[in-house]
1. Which pairs turn up if I take residues in segment 33-51 that are under 13 Å from Leu19 (Cα atoms) and look for partners that are surrounded by 15 or more Cβ atoms within 10 Å (Cβ to Cβ) and among the aromatic types (Phe, Trp, Tyr) with beta carbon separation below 6 Å, at least 6 apart in sequence or on another chain?
2. Looking only at segment 161-216, how many residues end up being in contact with a strand residue (DSSP E or B) (Cβ under 9 Å, 6 or more places away or on another chain), of a type in the set (D, E, K, R) and open to solvent by less than 50 Å² (accessible area, probe 1.4 Å)?
3. Of everything in segment 62-111 that's buried (at least 19 other Cβ atoms within 10 Å of the Cβ) and among the small types (Gly, Ala, Ser), which residue is farthest from Gln198 (Cα to Cα)?
Amino acid sequence: MPSTEQALWFVLGGDHLVLLDEQGRIPQGPQTCLPARLQHAAFERFDEWDGLPCLLLDLGPGTDTDATTPLRQLMVAGDEEGFRLAGRAWQLATFRRTHRFCGECGAPMTPKSEEWAQGCRHGHVVYPRISPCIIVAVRKGPAILLAAHRRHYQAEDPMYTVLAGFVEAGENLEQCVAREVFEESGIRVRNVRYVASQPWPFPHSLMMGFTADYESGEIKVQDDELVAAGFFEADRLPRLPPQGTIARRLIELTLSETR
């Protein structure tokens with residue numbers, strides 16, 4: 001495309017890092033709005049937003065990270081569309097990084113020309129991986145079940161969120177909800193209800209959000225997943241996930257239903 005054409009420029013590198021402009025947003029404008037070293041780089045088109053092409057360049061895992069920012073910053077800043085598009089870009093980049101060789105024959109794979117896919121010389125074609133996950137807010141009277149997860153635990157000001165987990169082979173979504181809640185907290189649930197979904201590019205999940213009602217059981221946390229868990233009422237909440245996440249949406253929905 002001409003270097004003067006207006007576009008949104010998604011420059012990725014390292015581990016879920018993205019180049020942002022001085023306003024903390026995805027760079028927008030002609031390619032000359034980018035740092036000099038990127039003004040002649042070859043980008044790929046992967047989407048369109050508000051009439052502008054979305055163009056992608058992955059600098060690779062070993063790139064200099066001084067000029068880039070964690071992808072989550074877009075979400076924290078409230079830029080939901082920027083986070084969605086950058087998340088899509090990251091899922092596509094992750095796909096390319098992890099499918100350099102064919103899983104069937106071991107031959108090198110190259111991008112297909114007319115679709116976002118990788119193919120080998122023997123004709124085996126693969127598409128971006130999507131991992132289905134559930135995320136669920138459990139209500140018990142006026143309280144909601146929240147947990148501090150071990151993978152992002154901070155002792156001084158821990159963030160508490162709802163429970164989540166990957167769908168297993170041969171399992172429907174409602175079964176996954178019941179299993180994950182019981183495995184992680186020892187709680188049995190009923191009245192499982194679908195709410196909404198959100199792509200989650202860490203690295204390639206599709207989060208499907210549910211609410212459910214407490215049925216029975218006492219909290220017993222799964223030590224390798226959770227640090228702590230408990231039922232919290234609206235006036236005594238711990239630190240919650242940021243706005244823009246489906247976790248926060250489920251929490252607010254559940255608490256509004258308890259009033």
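The values are calculated or read from the model by the stated rules, or taken from the named source; none is laboratory data. Computed from a predicted model, the values in this text were never measured in an experiment. Glycine gets a Cβ as well: all are built from the backbone with ideal geometry, and neighbour counts include every protein chain shown. In case anyone asks, the SASA skips ligands and DNA or RNA and just uses the protein heavy atoms, side chains included. Shrake-Rupley method; radii C 1.70, N 1.55, O 1.52, S 1.80 Å.
1. Leu34/Trp9
2. Count: 4.
3. Ala93
Residue-wise test of (1) farther than 16 Å from Pro201 by Cβ; (2) in contact (Cβ under 8 Å) with a residue 24 or more places away in the chain; (3) of a type in the set (Ser, Thr, Tyr).
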| residue | (1), (2), (3) |
| --- | --- |
| Arg96 | no, yes, no |
| Gly119 | yes, no, no |
| Leu146 | yes, yes, no |
| Gln154 | yes, no, no |
